[in-house]
Amino acid sequence: MAAGAEVRLLGEWLSPFCIRVKLALAVKGVSGYEYVEEDLEHKSELLLSSNPVYGKVPVLIHRGEPVCESLVIVQYVDEAWAGPAILPSDPYERSRARFWAAYIDDKFFPSWEPFFMSKTAEERAKTFKNAIPAVETLEGALEECSNGKPFFGGDNIGYVDVALGGYLAWIKAVDEVAGTCLFDEAKFPRLAAWAESFAAADAVLGASPALQDIVTFYKKMQSGEG
Ligand code: GSH
């Protein structure tokens, strides 16, 4: 479904939150939308007027109306376009998916995010250790949600997959640079298998930036250049 100029996405190529929105649009088969790369050091007037509360990307502009906050945008995309459902149709299942997506942003990400600032092996080891309890919880969530299927959404990529999947390229890049393995197969077999299935999914291939580009950016951040 070619969206043309009636759909614009204001984003930043490496933002996990923007990757989420690209993933959601890809899952729904929305293509040909206008992507606008923002310079967050010099935010455009369009970004500031579209998201006056936070001034952050992503912002999806659909028929002139701005939608802000990545998880809100993913829900909007799911409702506004036909195509494979991202959120479950059952209200209880939907509430569980929203619960786990919120957990990913409120608990998992803050525990792992200090990797961005960790410059020494000691700092990285501490961050890694601090992130493990949330990863353990996510391993259990995957068991609960997937019913033995590859994704949180079952056979197909769903809301929790998109929420966690936005971070996956960053997790892999940090693992590569720090020499860690967050979704270690021996400890977290479900998440390890999930990461493989997710990275190989058609919708993900075009929506996620190249791993090596993030690795390069992360190394620059580490050296204080980024
Ligand atoms: N909760 C927001 C979401 O889920 O969309 C987070 C978005 C966010 O943090 N975006 C960053 C941003 O725009 C880029 S990764 N930063 C600019 C700023 O903070 O001024």
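Just round it to a whole percent: the fraction of Cα-Cα distances in the chain exceeding 30 Å. When every Cα pair of the chain is considered, 23 percent fall beyond 30 Å. In the assembled protein chains, Ser223 presents an accessible area of approximately 70 Å² (probe radius 1.4 Å).
Heavy-atom accessible area with a 1.4 Å probe sorts Val177, Val74, largest first, into Val177, Val74.
For the range 2-66 versus the range 135-204, the spacing of their alpha-carbon centroids is 25 Å.
Computed over protein heavy atoms with a 1.4 angstrom probe, the accessible surface ordering of Thr180, Thr216, largest first, is Thr216, Thr180. Each label was represented as a point 7 Å from its Cα along the Cα-to-Cβ direction; for Lys126 and Ser44 these points are 4.0 nm apart. Protein heavy-atom accessible surface, 1.4 Å probe, per residue over the range 104-221: 46 Å². Determine the dipole magnitude for the chain: charges of +1 sit on the beta-carbon of Lys and Arg, -1 on that of Asp and Glu, nothing else is charged, the reference point is the Cα centre, and the result goes in debye to the nearest 20. Here the size comes out at about 200 debye. A 1.4 Å probe over all protein chains sorts Lys28, Lys149 by accessible area into Lys149, Lys28, starting with the largest.
Partners of Lys149 within straight-line reach, counting lysines whose Cα lies under 19 Å from its Cα and excluding those fewer than 8 residues away in the same chain: Lys187.
A simple charge model with +1 on the Cβ of Lys and Arg, -1 on the Cβ of Asp and Glu and nothing else charged puts the dipole of the range 30-92 at about 100 debye relative to its Cα centre.
The values are calculated or read from the model by the stated rules, or taken from the named source; none is laboratory data. Note that the structure is predicted; figures quoted are calculated from it, not measured. Glycine also receives a Cβ, built like all others from the backbone with ideal geometry; neighbour counts cover every protein chain displayed. Surface accessibility is based on the protein's heavy atoms, side chains included, excluding ligands, DNA and RNA. Shrake-Rupley method; radii C 1.70, N 1.55, O 1.52, S 1.80 Å.
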